[in-house]
Amino acid sequence: MNTPLKVTKIGNSAGVILPKEVLAKLRVGLGDQLYLTEGPDGVRLTAHDPDFAEDMELAEEIMREDRNILRALAK
């Protein structure tokens, strides 16, 4: 998808208006948060928090490694 976006003035800031097709593809609506991350090929706009995803991967690894300890603590 190659959609040009126009930067517009919003109050004292600048912003872009996302077409409804882009919002549908991101599965977001009014009031939802989007995350802008920088990569080697430019910037990326996502609906999920990349920091949270990294934290969850680490938590899942710890839970796999320490499964028996966590099971004993749950009793």
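Quick note: the coordinates plus some simple rules give every number you see, no bench work behind them. Just so we're clear, the structure is a prediction, and the values are computed from it rather than from any experiment.
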Read through the labelled values [x] 14.5, 41; [y] 14.9, 49; [z] 19.2, 57 and report the label of the one computed as Rg and Dmax of the Cα atoms in Å from the structure. [z]
Reachable lysines, given that their alpha-carbon falls under 20 Å from the alpha-carbon of LYS9 and they are not under 8 places away in the same chain: LYS20
